[in-house]
Amino acid sequence: MMYREIGSEFWDSGGGTNASRKDLPSWLDWGTENRFLASGRTALDFIIRDILATQKFQRVYLPSYCCHTMIDPFLAHNIEVEFYDVIINGSGLLEINLEQGQGCDVVLIMNYFGFIQSGFSEIIKQLKMKPSTVVIEDATHSAFCNKRFHEMSDYTYASFRKWFATPGGAIAAKMKSPFLIKAPQNVHTEYVNLRKGAMTSKAQYMNKKSSEKELYLKTFAEAENLLDQDYTDYLIDDLSMSILSRLNVDSLRKKRIQNGRLILEKMVEGKHVQKLISDISDDECPLFIPVKVHPTQRTNLKQYLSKNNVYCPSHWPSSPSHQLNARTIDLYNFELSIVCDQRYDKNHISKMITIINNFTT
Ligand SMILES: Cc1ncc(COP(=O)(O)O)c(C=O)c1O
């Protein structure tokens, strides 16, 4: 079936009915102990509070290329943030320059877009030479790779809502011992209801039962604003837990790898678009296929795509919490994320790539 549009927020696809926290699938068996929470930032805040329960920490070392939701929870605890460089290197590929993090008690690492950066194991080993250094791994983008995180990390977490249709949901895991702080008791009902409402309205639009686009866009934005203001100490909601525990991981992986490979094969690199990755191994699972587009062309390309009902986001919007410099700002200005998710088959992807290849300025 051809859809009215490609990309953007997932819509309600009827998955998940009764909540089931029993019999969790083995892929959700992360760490010595884990908690299912409302969102990625809720999970990160939970981890920060668990670390603070045993040690004071003053400074965290973060990747320059990150979402504001990976910075704000530290700032909210008055922790200083320092950034290591993640850049587009001379070969046009993503490069992570994480070395020592002098003076940082906590280091956050992540793989991008579901592609595994080599060398992290060695880096973690080096960081752990100082035993008090805590390594937090954001596994949001690597959550569906065969190796989702490093056993040597102290904590890991992932937000799931960018991967499939769910109102919310994230996991926080402590790798070598149980958490010291209590699990949250409450669900963020207002946020969950906004997301459910938005997903239902979008489903009506996608199924041509409504032509009302503004309503769901406004409700998704309202939910986002609410989460920005209020994200701490919330449990996952029952619907998200149910969707998560019933997820068909094999099919999600297979579809994304197939779609990603088709994009890499068919996309014509030229004046406007260059690939930031060259292939996808069987162990990886793409969230998006990242490409590089000159900033002036990127604005035009996005406008042209949206006229053709294709919505490809850029990661990430910079925020007042970011501290970007001449080296690290490029990724923010150049990156475009090509949609490859399991909602789409070969025909959708081929159509989208033809549209992208036909772009002229
Ligand atoms: C890498 C990464 N970590 C954390 C988050 C935060 O997750 P949430 O929006 O569920 O708080 C995001 C959000 O997109 C993300 O991309």
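Computed from the coordinates by the stated procedures, all read-outs in this text should not be read as laboratory data. Computed from a predicted structure; not experimentally measured. Don't worry about glycine lacking a Cβ; one is built from the backbone with ideal geometry, like all the others, and counts go over all protein chains shown.
For the chain, the relative contact order comes to 24 percent (Cα pairs under 8 Å, sequence separation of at least 6). Each Lys or Arg adds one and each Asp or Glu subtracts one; over the other residues with Cβ under 9 Å from the Cβ of Phe179, this totals +1.
In a shell of Cβ-Cβ distance under 15 Å around Thr69, excluding Thr69 itself, what net charge do Lys and Arg (+1) and Asp and Glu (-1) give? That sum, taken over residues with Cβ under 15 Å, equals -3.
Beta carbons within 10 angstrom, averaged per residue: use that to sort the peptides 91-98, 229-236, 255-262, 150-157, highest first.
Working: 91-98: 14.9, 229-236: 18.9, 255-262: 20.9, 150-157: 22.5.
Sorting 91-98, 229-236, 255-262, 150-157 by mean packing, highest first, produces 150-157, 255-262, 229-236, 91-98.
Normalised Debye scattering of region 247-357 at q = 0.09, 0.14, 0.15, 0.19 Å⁻¹ gives log10 I(q)/I(0) of -0.25, -0.59, -0.67, -1.01, counting only Cα atoms as equal scatterers and leaving out solvent. Computed over the chain, the Cα gyration tensor eigenvalues convert (square root of 5λ each) into semi-axes of 31, 26, 19 Å, ordered from largest to smallest. Taking Cα pairs under 8 Å and at least six residues apart, what relative contact order does region 26-183 come out at, in percent? Computed over region 26-183, the figure is 31 percent. For Ser8, the amide hydrogen comes within under 5 Å of the amide hydrogens of Tyr311, counting only partners 5 or more places away or on other chains and with H modelled in the peptide plane.
Taking neighbour counts of Cβ atoms within 10 Å as a proxy for exposure, in what order, fewest first, do Thr69, Thr32 appear?
Working: Thr69 22, Thr32 11.
The order, fewest Cβ neighbours first, is Thr32, Thr69.
Comparing Leu194, Leu227, Leu215 along the charge dipole axis of region 189-230, the residue lying farthest to the positive side is Leu215, per the Cβ-charge model. Mind jotting down the distance between the C-alpha centroids of region 236-289 and region 313-361, whole Å? Value for the Cα centre distance between the two parts: 13 Å.
Taken over region 25-109, the percentage of Cα pairs per 10 Å bin, counting from 0 up to the bin with the maximum distance, is 15, 41, 32, 12, 1.
Given N residues in region 26-183, what is Rg(Cα) / (2.2 N^0.38 Å)?
On the way: Rg = 14.7 Å, N = 158, 2.2 N^0.38 = 15.1 Å.
Taking N as the residue count of region 26-183, the ratio is 0.98.
Relative contact order for region 247-357: 38 percent, from Cα pairs under 8 Å spaced at least 6 residues apart, divided by residue count.
Take the alpha carbon atoms of region 117-194, find their center, do the same for region 36-85, and report the distance between the two centers in whole angstrom. Comparing the Cα centres of region 117-194 and region 36-85, I get a distance of 12 Å.
Proximity of backbone amide H atoms, modeled 1.01 Å from N, is registered between Val106 and Arg59, Tyr61, Val134 at under 5 Å, excluding neighbours fewer than 5 places apart on the same chain.
In terms of other Cβ atoms within 10 Å, Leu24, Leu247 run from fewest to most in the order Leu24, Leu247.
Which loop trypsin sites (Lys or Arg not before Pro) in region 189-248, with loop taken from DSSP, have no more than 13 other Cβ atoms within 10 angstrom of their Cβ?
Working: sites: Arg195, Lys196, Lys202, Lys208, Lys209, Lys213, Lys218, Arg246; in loops: Lys208, Lys209, Lys213.
When the trypsin sites (Lys or Arg not before Pro) of region 189-248 are filtered for loop state and at most 13 Cβ neighbours within 10 Å, Lys208, Lys209, Lys213 remain.
Of all DSSP bridge pairs formed entirely within the chain, close to 55 percent run antiparallel.
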